[in-house]
Amino acid sequence: MDNSPVILAFCCHYCAYAAADLAGTMRLQYPGSVRVLRLPCTGKIEVNYLLAAFERGVDGVIVAGCLEGGCHFQEGNLRARRRVERAKQLLKEIGIEPERLEMFNLSSAEGTRFAEIVSEMNQRIAALGPSPLRHSPEHVEHAIEELRENAEKAIAGEQK
Ligand code: FES
């Protein structure tokens with residue numbers, strides 16, 4: 001891992017994850033420092049997941065869910081937006097720029113939009129510099145793997 005910002009993208013399985021896949025199939029260029037973490041719905045996100053990602057040293061977090069009105073779990077994406085706003089307030093209170101966290105809505109067909117979102121956030125986070133909580137690259141990689149395993153378990157639970 002170099003000095004590029006480490007960005008974690010919590011992506012809904014039905015839209016943003018598919019859009020990320022599509023961006024890959026379309027061979028669109030976007031910063032490779034983003035780590036995609038698939039969730040059954042952004043409504044699964046709790047404020048503490050978002051804070052845990054920062055605590056573990058990532059520089060920025062994207063939450064990407066279905067378009068408003070398009071969530072497969074009705075209001076999951078609206079719930080996620082409220083939690084993102086709450087997490088932003090808490091980040092501010094502990095001295096971390098709330099701009100490091102952002103929620104986006106997109107459809108599964110928007111591979112190009114996904115690549116734009118990642119590039120936009122990468123630029124924004126690079127301008128802010130490394131997170132004050134940045135750990136060693138190995139620590140961050142390990143933490144991301146741990147978060148990914150937890151997300152996979154959530155999906156497995158959802159599919160039972
Ligand atoms: Fe995509 Fe809820 S199913 S945000």
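The values are calculated or read from the model by the stated rules, or taken from the named source; none is laboratory data. Remember, predicted model here, so these are calculated numbers, not experimental data. Neighbour counts run over all protein chains shown; Cβ positions are idealised from the backbone, glycine included. With ligands, DNA and RNA removed, areas are computed over all heavy atoms of the protein, side chains included. Shrake-Rupley method; radii C 1.70, N 1.55, O 1.52, S 1.80 Å.
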Among GLU116, GLU55, GLU99, GLU85, the single one that is of a type outside the set (S, T, N, Q), under 25 Å from LEU22 (Cα atoms) and out of contact with any Gly (no Cβ under 7 Å at 6 or more places or on another chain) is GLU116
Please determine whether any residue of the stretch 56-67 is within 10 Å of the ligand (Cβ to nearest atom), under 13 Å from the mean Cα position of the chain (by Cα), within 24 Å of PRO130 (Cα to Cα) and open to solvent by less than 80 Å² (accessible area, probe 1.4 Å). yes
Matching residues in the stretch 40-84 (assigned to a loop (DSSP other than H, G, I, E, B) and closer than 19 Å to GLU146 by Cβ) number 7
Please find, within the stretch 68-77, the residue that is least open to solvent (accessible area, probe 1.4 Å) out of those that are among the small types (Gly, Ala, Ser) and within 8 Å of the ligand (Cβ to nearest atom). GLY76
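For every residue, the table says whether it meets (1) within 10 Å of the ligand (Cβ to nearest atom); (2) touching a Cys at 6+ places or on another chain (Cβ under 8 Å); (3) among the polar types (S, T, N, Q).
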{"position": "SER4", "(1), (2), (3)": "no, no, yes"}
{"position": "CYS11", "(1), (2), (3)": "yes, no, no"}
{"position": "GLY24", "(1), (2), (3)": "no, no, no"}
{"position": "LEU28", "(1), (2), (3)": "no, no, no"}
{"position": "ALA53", "(1), (2), (3)": "no, no, no"}
Matching entry among ALA80, ALA87 (being open to solvent by less than 30 Å² (accessible area, probe 1.4 Å) and within 16 Å of the ligand (Cβ to nearest atom)): ALA80
Kindly establish whether LEU37 is touching a Leu at 6+ places or on another chain (Cβ under 7 Å), free of Cβ contacts under 8 Å to residues at least 60 places away in the same chain and either assigned to a helix (DSSP H, G or I) or within 16 Å of the ligand (Cβ to nearest atom) (or both). no
Enumeration of residues in the stretch 40-51 that are within 16 Å of the ligand (Cβ to nearest atom) and either out of contact with any helix residue (DSSP H, G or I) (no Cβ under 7 Å at 6 or more places or on another chain) or of a type in the set (Val, Ile, Thr) (or both): THR42, ILE45, TYR49
Could you list, in sequence order, all residues of the stretch 99-151 that are open to solvent by 50 Å² or more (accessible area, probe 1.4 Å), charged (D, E, K, R) and not in a helix (DSSP H, G or I)? GLU110, ARG134
For the stretch 11-46, name all the residues that are touching a Lys or Arg at 6+ places or on another chain (Cβ under 7 Å) and open to solvent by 30 Å² or more (accessible area, probe 1.4 Å). HIS13, TYR17, GLU46
Unique residue being under 16 Å from ILE45 (Cβ atoms) and touching a Ser or Thr at 6+ places or on another chain (Cβ under 9 Å) when the list is ASN77, ASN150: ASN77
